[in-house]
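Below is one structure, written out as structure tokens; comments come after it.
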Amino acid sequence: MLTAIKKSLIKHKLKLIIATTILFVSISVINFIFIYSVTAQSNDECLWTQKFERKDSIRIIIEQVKEGGVTWQAGIRDGDLLLAIDGKRAINNFIATQILDKVQKGDYATYTIQRGDLVFDTPVLVKKLINIPGLAFFLLSSLWLIVGFIVIIVKPNGRSQTLFYRIGLMLVFISSSSMLYRGFVVDNPLFRSAFFPILIDNVSQFASIFLPFMLFKFFSIFPKDFSYVSKPWFQRKIYLFPLLISIIVLAIKIFLVYIKRIDSVYLSLNLYTGIFNGFGFLLGFVLLLIGYLKLKTKQERIPIFLILIAYLVGVLALLYTNFLAPSIGGLIFNNPAYFTPIILIALLPIAFGYSIFRYSLMDVSEIVRNTIIYGTATASLAGIYFLIIYFVGQKVGAAFSDEYQGIIAGVIFVLFAVVFQSTKDRFQELLTEKFYPEQFAFQKNLLKFSNDISVIVGIDNILNTTEQLFVKSLHLHFFGIMLNNNGTEKIYSLVRHQGLGNSQLKIYDENSAIEKYFLYAISLGKKAVIERQDFKHLAEGRFSVLLDEEIYTVIPLIIKSKVIGLLLFGLKYSGSQFTAKDMELLIAAASQTAISIESARLYESELEKHKIERDLENARKIQESLLPKSFPQMPGLDLYGSMISAMQVGGDYYDIIKISDSKLFVVIGDVSGKGLSASIYMSKLQTMIRLYCTEERTPKEILVEINKMIYPDIEKNWFITISLALIDLDKKTIIISRAGHTPLLKINDDIFELYQPGGVGIGLNGGELFSSTLEEIKIEINPGDLLFLFSDGITELMNSENELYGIDNLKHFLTENKKLECTEIGKKLISNLESFRTKTHQYDDITFVILKIF
């Protein structure tokens, strides 16, 4: 539910911003009306002081009469008593003020004055005095809101833009307190209900509490981030403090102001809130000054310097108006001009606006220029067409009777509306070409890129074309393409770049924070883009490494909800960042690039797949060529051997080498690797085995020689396990040496024997260790003995229950079938293994040799 609401808010964010701005502009307009008219105070350039004579009698004494002022010109002097105004008795200051406020500016009010025993009437010219501080804050808030609206329209998701706009909203809330100026003294329509004064008072006070924190946050990231910006308290908890303060203030108001009616508490709260606001503005100035001093180039400093000066003037104006003006100018009624410098606080948003538009501080100038040109052009074109419609309608209508003139006018309007739309589009295209040649050229190149990229073959060619599109078309000095390695630990590596200092740049993204951020942004309806000011804060700060480079914008390459790469952009040729309009073109180009890269990857993957399949086929052929084509026939011996290759070609091998009528070598081996390389090693092994297997050598001697030959050339972490047995039928013996291979099994009647002489695999050690650990044993053989040599593909065969076939199953099978001929035993074993495995994948070769003595 909350996610759906959030998505809807993001989707309609611009509409909400526009609606909010209209609402707050309306509040500002109403506020100005109250300042200028409703709460404006009649001014007679003197001071009225109440003096209590008796409990029920008050005298109004006129003091501080301005020499040459309207009261002075009416003949009134300090110490005179004010008895009535326009014939209405001045009971107290409150009543007298209400009477005088009803007199319009420039009219005369008749004062009844008592001077000693003399009572006389005299006309006094009435002036009006508006709420000068209220007017200053109205200007500050209104101008800030206007500039903030333009800024956030350009980049609705920008950090600094959003904060700047929100400060404008808070200032409008604070400024709205001017509507309550002078309270019940004036005939204020808001006070006809208790709801509106309480609402406005609390909203403006809460805004006053939040504003210092917002100023602190804004000037902590503008113009550059401070080091503490990345801290969790700054990101998530900074607004908890003003929220807590607001709750406390509201509680105090409810119990002490609204219930117990203690006015002094209300005045104290307003005073402290005002001081807190002043501290917030002062803190903002200090942060801006520090940020300015941190800037390195003159180009960066100039626009900030203008803002800094305007800010300083505004702070000084506040200090002057609150502390110096009363002592210099005296009474505000006599010298309001001394209090007007507070209006200079409005220079701050003006300076912001000027710097933003003049120096593209927040990438606004281009948008404003675009709006003015396109708006003026469209309005002019529309005006011309409506004039044409009017004159054509008049001429054509005159040729028809009155009853058909309405129909004719409608037809003409529709025709010209169609023509207007097509002409308008073409006209705007011409304007783009004329005033925005960079953007127009990029649009044309992007269209050409979209057409060409689909027929470009190879990732390198696609990357080169993409680099050329952005670097050449946009004249970028800094640009980069990073691709994901598609591994378990995601690493984005720089594969193409222009102007970057670190050509080996990598972004490590172990938990897919980058992909998660972009996909989440898209799900909320945001643009898939991240900008320099957010490099430290979004996607768990993965883009912080780009802060050392002149990269300001990152756009992902997304295909099927996967981020396969990143496009890195520096500033535009003009020196400004890309605008929201630019982003749309860049995202469209990134989308096309992602599709092309993924297609090329799939194409190369398919080629690699075919290559692997060819290698596997060759490996199978090599492996099969190593196996005996037939078994030697020898009296007193039955034998059978077989190898069942796994889906992925392994390195199993067996051979039977007859060296005399009564002697033969039996060899079975397994290379640790897979594929073509394993088969090649097995081919070398077979050649050496056949070369060294002679009557003069023992199995151990042969394996030692083979290890010396293979060790120097075998790949690191590769090795070969092998069992080599010499069977002598005359002597009824078998001599066996085992270099790390599986044991020899011997069965006679119900006796099961396992022989496992020591030894390490060939290729693991090239020196004395291999020879010293390699053992050779002699075993007597008798009629009825069944000898079984095998690879670990049998005992490690796994079924769907993740159970291994194991040595026990093998022992049981051989014991049950020992009386059969070797060929039958071998075929039944293969069937038994297949039944055990069922549909589970065979991960290793199954190889065995069976010998039976009779």
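Given the condition outside any loop (DSSP other than H, G, I, E, B) and touching a residue at least 40 places away in the same chain (Cβ under 8 Å), answer yes or no: does some residue in region 799-806 qualify?
Looking for residues that are outside any loop (DSSP other than H, G, I, E, B) and touching a residue at least 40 places away in the same chain (Cβ under 8 Å), one finds none in region 799-806, hence no.
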Check: Just one of S771, S737 is modelled with pLDDT of 95 or more and over 58 Å from the mean Cα position of the chain (by Cα); which is it?
Finding: S737
Next item on the list: Quickly run through region 271-299 and pick out the residues that are among the small types (G, A, S) and surrounded by fewer than 16 Cβ atoms within 10 Å (Cβ to Cβ).
Entry: G274, G278
Note to self: List pairs: first residue in region 310-339 and touching a residue at least 24 places away in the same chain (Cβ under 8 Å) and polar (S, T, N, Q), second residue surrounded by 14 or more Cβ atoms within 10 Å (Cβ to Cβ) and assigned to a loop (DSSP other than H, G, I, E, B) anywhere in the structure, Cβ distance under 7 angstrom, at least six positions apart or on different chains.
What the structure shows: N334/E45; N334/Q64; N334/K66; N334/G69
Notebook entry, point to check: Failed condition for L568, given (1) within 12 Å of the chain's Cα centre (by Cα); (2) surrounded by 20 or more Cβ atoms within 10 Å (Cβ to Cβ); (3) aliphatic (A, V, I, L, M), with all others met?
Noted result: (1)
Next item on the list: Please identify the pairs in which a residue from region 58-80 that is under 18 Å from L100 (Cα atoms) has its Cβ atom under 6 Å from the Cβ atom of a residue that is open to solvent by 40 Å² or more (accessible area, probe 1.4 Å) and among the β-branched types (V, I, T), counting only partners at least 6 apart or on another chain.
Entry: I61/T49; E63/T49
Next item on the list: For region 779-793, enumerate the residues that are surrounded by 21 or more Cβ atoms within 10 Å (Cβ to Cβ) and either part of a strand (DSSP E or B) or aromatic (F, W, Y) (or both).
Entry: L786, L787, F788, L789, F790
Next item on the list: Select from region 342-360 the residues that are open to solvent by 40 Å² or more (accessible area, probe 1.4 Å) and in contact (Cβ under 8 Å) with a residue 24 or more places away in the chain and list them in ascending order.
Entry: I343, L344, L347, I350, Y354, R358, Y359
Next item on the list: Please verify whether region 537-555 includes one or more residues that are among the aromatic types (F, W, Y), within 15 Å of F479 (Cβ to Cβ), open to solvent by 30 Å² or more (accessible area, probe 1.4 Å) and in contact with a His (Cβ under 9 Å, 6 or more places away or on another chain).
Entry: no
Notebook entry, point to check: Among the residues of region 158-178, how many are closer than 19 Å to I209 by Cα, touching a Phe, Trp or Tyr at 6+ places or on another chain (Cβ under 8 Å) and open to solvent by less than 30 Å² (accessible area, probe 1.4 Å)?
Noted result: 11
Margin query: For the condition out of contact with any helix residue (DSSP H, G or I) (no Cβ under 7 Å at 6 or more places or on another chain), of a type in the set (D, E), open to solvent by 50 Å² or more (accessible area, probe 1.4 Å) and under 27 Å from Y266 (Cβ atoms), what is the one hit in D187, D107, D117, D101?
Written below: D187
Check: Within region 138-157, can you find the residues that are farther than 18 Å from I22 by Cβ and either open to solvent by 50 Å² or more (accessible area, probe 1.4 Å) or outside any helix (DSSP H, G or I) (or both)?
Finding: L139, K155, N157
Notebook entry, point to check: What number of residues within region 455-499 are farther than 17 Å from R601 by Cβ, in contact with a strand residue (DSSP E or B) (Cβ under 9 Å, 6 or more places away or on another chain) and either small (G, A, S) or at pLDDT 85 or above (or both)?
Noted result: 11
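One line per residue, one yes/no per condition, for (1) open to solvent by less than 70 Å² (accessible area, probe 1.4 Å); (2) of a type in the set (A, V, I, L, M); (3) in contact with a helix residue (DSSP H, G or I) (Cβ under 9 Å, 6 or more places away or on another chain); (4) assigned to a loop (DSSP other than H, G, I, E, B):
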site: F449; (1), (2), (3), (4): yes, no, yes, no
site: T465; (1), (2), (3), (4): yes, no, yes, no
site: L469; (1), (2), (3), (4): yes, yes, yes, no
site: N502; (1), (2), (3), (4): yes, no, yes, yes
site: K526; (1), (2), (3), (4): no, no, yes, yes
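The values are calculated or read from the model by the stated rules, or taken from the named source; none is laboratory data. This is a predicted model, so every value here is computed, not measured. Please note: Cβ atoms are built from the backbone with ideal geometry, for glycine as well, and neighbour counts cover all protein chains shown. What goes into the accessible areas is simple: the full protein's heavy atoms, side chains included, and nothing from ligands, DNA or RNA. Shrake-Rupley method; radii C 1.70, N 1.55, O 1.52, S 1.80 Å.
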